[in-house]
Amino acid sequence: MTELPTKAQLLDWIAENPTQTSKRDIAKAFGVKGAARIDLKRLLKELEAEGHLQKERRHYRDPDKLPPVTVLNILAPDANGDLYAKPLEWHGEGPEPRVLFIARESDPALGEGDRILGRLTEVRTDDYQYEARLIRRIGHNPHKILGIYRKRTEGGRITPIDKGSDREWQVPAGATHGAKDGELVEAEQASPRGKLGLPTARIIERLGDPSAPKAVSLIAIHQHGIPDDFPDRVIAEADAMKPAGLSGREDLRALPFVTIDPADARDHDDAVHAHADDDPKNSGGHVVWVAIADVAHYVKPGSALDTEARLRGNSTYFPDRVVPMLPDRLSGDLCSLHEGVPRACIALRMRLNSHGEKIGHAFHRGLMRSAASLDYEEVQQALDGQPNDKCAPLLEDILKPLQAAYQAAAGARDRREPLDLDIPERRIVLSDKGEVTSVNFKERLETHRLIEEFMVLANVCASETLAAKRTPLLYRVHEEPSPEKLDALRETAQASGFTLAKGQVLHTRHLNKLLHDSAGSDLAEMINMATLRSMTQAYYSPENFGHFGLALKNYAHFTSPIRRYSDLIVHRGLISAHGWGTKAEGLSPDDIDRLQATAEHISETERRSMMAERDTTDRYLAAYLSERVGSEFAGRISGIARFGVFVRLDETGADGLVPIRALGNEFFHFDREAQTLMGADSGRVIGLGQRVLVRLAEAVPVTGGLMLDLLEIDGEQVSGASSPRRGTGRPMKRKEAQSRARAAKPKGPPRGKVTRKRR
């Protein structure tokens, strides 16, 4: 009788011979013949039932290993230029194996995002587990879906979390990636239409429980494709860094710089100092110092750190986490200007006259030491006459000179008349479990404006210096509004009882007059939002087109190289222009050659981060309000559309939609120019800025959508406007809730904010 192999022997042989896994191959290898084949088949079925093997057609293989031929997604090149690939058909329990792509001379050029059919060879190295060689290139860029997976008899379905998406996706049985029912998954389109008429998708990543509070920002990170894990080479490079010394630098440690940041600041990349100018020719003038962390000393062109920083473009900030541009060893340590610690910096010395106008400036590469790390609130209290123990010793010699210099600079700024938007910034407070405990608005203090004004001046100086020295740089460009957007703003202003002059060259002072005319009125917030909506998106460019919003001819970003790649390029330009350090720290030929491509890339990553941050805020607000379904809220109409009315709630600043069907049992005429809806029977006119009372009918955290019932307009009850069944807090079926909430805010008013991060 033929002796059967043990289960352990079978598993070892299959692992060593992944291309020969049919029952016939296995029987031949172990000499199993005749009736013993029945027992062998039983053993294989037992291994399959125990989860050790996976049957594919008539072959068996280890589920924790990749098949010899599989579809791969090419990733971005690493610091050494090597291409790695991500397998799309991974069924194992552990992390996906790392696959190195081996190119041949005859292969076409491949880059990030390319899809290939590859032949795999298993290897044993510390960096990767497989080598892949091209069989053929798959020429398409599939649509990505983020949603909730629902398991069915064969495969399952995905309900997208995106607002405005109401169709489900079918997932065939072999494309589930091991996803469990109710999990948040990322998938890609496999075909436009499946057996049931639904588009089919292949799950490529499992993201876990979507209801967990800390999944909110994770959803945004994956939905917007923000890189959130640093490659090993990048971490190793950062960990090997040593603090910069005094060699080749000016010793600025005697200057009492201070950092002033939010109380919960995660990094400190700028410090300030000011004193009266002792030059008799500048009576009443000021000297202002701005010191910025010398990130370029650590992040050199072409390094792994540089490649990853450029890929990310900028840091992305969420209420519960930061996706940093640089590893914490740099952003939170060597490049953070901590109190009492020597830190490398590029410092700027500016001279202002008594009217706050800049009359000179010079850059220095130095070593500084912060005298104190302060927050906006405690500095403001000190300047208001209530210093705490930390600020009291600094008040006369450090804080008051800063205030005096700012007040002079503010006068010059007011004469320049930059756009004076007043848009409150929301602050979402989370518990240790990631749950929203409160939503409030950040108070705009004089200390906020102080730091912002000095940073704007420093950015101007950087752009002027590099332009004068004919050194390539990235400008921060903000063009004036388009005629179409100005017409829309003018219509909104007229509908609200204000005017915006027409037929003249537009300046910020014209927009400021509109903003100041509405200030203090019930319509002030709406006019500010409409003005913001009319603005073009700021971007980066090697060419200078000025900054309309700041009313400046020259502007670049210099003050935040920890979290913006544009600033790092400007720092390298300053190093090259002044001949500081080594050539390896300045602008490289590659930096210069791809300046336009870098500008376009980081402009896009900035927009990506803003969208992710906004979507996260929406979801947190929906989660916060989900326990108050049925409650009534005061608000103001902030947008009018053919399909309904947008309302901004006073308490949280959240935007919700009152659908057109909930306004009443009559037809409503939409007037695009007047931005109104008028009832055909009642003659009721619903317009921008009207005060309303609404009832929260739906709040679905996974989409961030809010649905509202309209109860009152300007204190007058709206008869027949809301269904008696809605807004009562009754439980809804999941599909009903999600389909209704997905419709909320598809084209709503922007949730913009003006902070020094975005200038």
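The values are calculated or read from the model by the stated rules, or taken from the named source; none is laboratory data. Quick caveat, the model's predicted, so the values are computed rather than measured. Glycine gets a Cβ as well: all are built from the backbone with ideal geometry, and neighbour counts include every protein chain shown. Note: accessible area is taken over every heavy atom of the protein model, side chains too, but ligands, DNA and RNA are not part of it. Shrake-Rupley method; radii C 1.70, N 1.55, O 1.52, S 1.80 Å.
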Starting from residues that are on the phi > 0 side of the Ramachandran plot and in contact (Cβ under 8 Å) with a residue 12 or more places away in the chain, keep the ones in the range 186-241 and report whichever is most open to solvent (accessible area, probe 1.4 Å). Gly225
Is there a residue in the range 531-546 that is within 25 Å of Phe363 (Cα to Cα) and of a type in the set (Gly, Ala, Ser)? yes
Inspect all residues belonging to the range 384-391 and state whether any of them is touching a residue at least 24 places away in the same chain (Cβ under 8 Å) and either open to solvent by 20 Å² or more (accessible area, probe 1.4 Å) or not small (Gly, Ala, Ser) (or both). no
Residue check: is Ser626 among the hydroxyl-bearing types (Ser, Thr, Tyr) and within 24 Å of Leu466 (Cα to Cα)? no
Unmet requirement for Lys502, which otherwise passes all of (1) among the basic types (Lys, Arg); (2) at pLDDT 90 or above; (3) surrounded by fewer than 20 Cβ atoms within 10 Å (Cβ to Cβ): (2)
Residues of the range 290-305 classified as open to solvent by less than 20 Å² (accessible area, probe 1.4 Å), under 24 Å from Arg349 (Cβ atoms) and not charged (D, E, K, R), total: 7
Kindly indicate the residue of the range 325-340 that is at pLDDT below 95 and touching a Ser or Thr at 6+ places or on another chain (Cβ under 6 Å) and also most open to solvent (accessible area, probe 1.4 Å) among those meeting that condition. Glu339
Among residues of the range 249-275, those that are under 30 Å from Gly360 (Cβ atoms) and open to solvent by 70 Å² or more (accessible area, probe 1.4 Å), counted: 4
Being assigned to a strand (DSSP E or B) and over 31 Å from the mean Cα position of the chain (by Cα) is the filter here; which residues of the range 320-364 pass it? Pro342, Arg349, Met350, Arg351, Leu352, Lys358, Ile359, Gly360, His361, Ala362, Phe363, His364
Condition (residue is out of contact with any strand residue (DSSP E or B) (no Cβ under 9 Å at 6 or more places or on another chain) and closer than 30 Å to Val429 by Cβ) applied to the range 255-267: is it met by at least one residue? no
Output the number of residues of the range 473-499 satisfying the condition of being in a loop (DSSP other than H, G, I, E, B), surrounded by 16 or more Cβ atoms within 10 Å (Cβ to Cβ) and either of a type in the set (A, V, I, L, M, F, W, C) or in contact with a helix residue (DSSP H, G or I) (Cβ under 7 Å, 6 or more places away or on another chain) (or both). 5
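Assess whether Leu374 counts as being open to solvent by less than 50 Å² (accessible area, probe 1.4 Å) and modelled with pLDDT of 95 or more. Show your work before the answer.
Values: open to solvent by less than 50 Å² (accessible area, probe 1.4 Å): yes; modelled with pLDDT of 95 or more: yes.
Taking the combined requirement at face value, the residue satisfies it.
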Just one of Arg369, Arg349, Arg343, Arg365 is of a type in the set (D, E, K, R), farther than 22 Å from Arg572 by Cβ and buried (at least 17 other Cβ atoms within 10 Å of the Cβ); which is it? Arg369
Under 9 Å by Cβ, and 6 or more places apart or on different chains, what pairs join a residue from the range 354-366 that is among the polar types (S, T, N, Q) with one that is part of a loop (DSSP other than H, G, I, E, B)? Ser354/Ser283; Ser354/Gly284; Ser354/Gly285
I'm trying to understand the selection: among the residues of the range 115-128, which are open to solvent by 70 Å² or more (accessible area, probe 1.4 Å) and closer than 25 Å to Glu188 by Cα? Arg119
Flagged pairs (Cβ under 7 angstrom, 6 or more apart or on separate chains; first in the range 660-679, open to solvent by 40 Å² or more (accessible area, probe 1.4 Å); second among the small types (Gly, Ala, Ser) and part of a loop (DSSP other than H, G, I, E, B)) are Asn665/Gly720; Glu666/Ala680; Glu666/Ser682; Phe667/Ala680; His669/Ala680
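Mind checking which helices (runs of 4 or more DSSP H) fall wholly inside the range 527-641 and carry at least 2 residues that are open to solvent by less than 40 Å² (accessible area, probe 1.4 Å) and modelled with pLDDT under 95? Give the derivation first.
On the way: elements: 565-578, 589-593, 595-625.
Because the criterion is at least 2 residues that are open to solvent by less than 40 Å² (accessible area, probe 1.4 Å) and modelled with pLDDT under 95, the helices (runs of 4 or more DSSP H) in the range 527-641 that meet it are 595-625.
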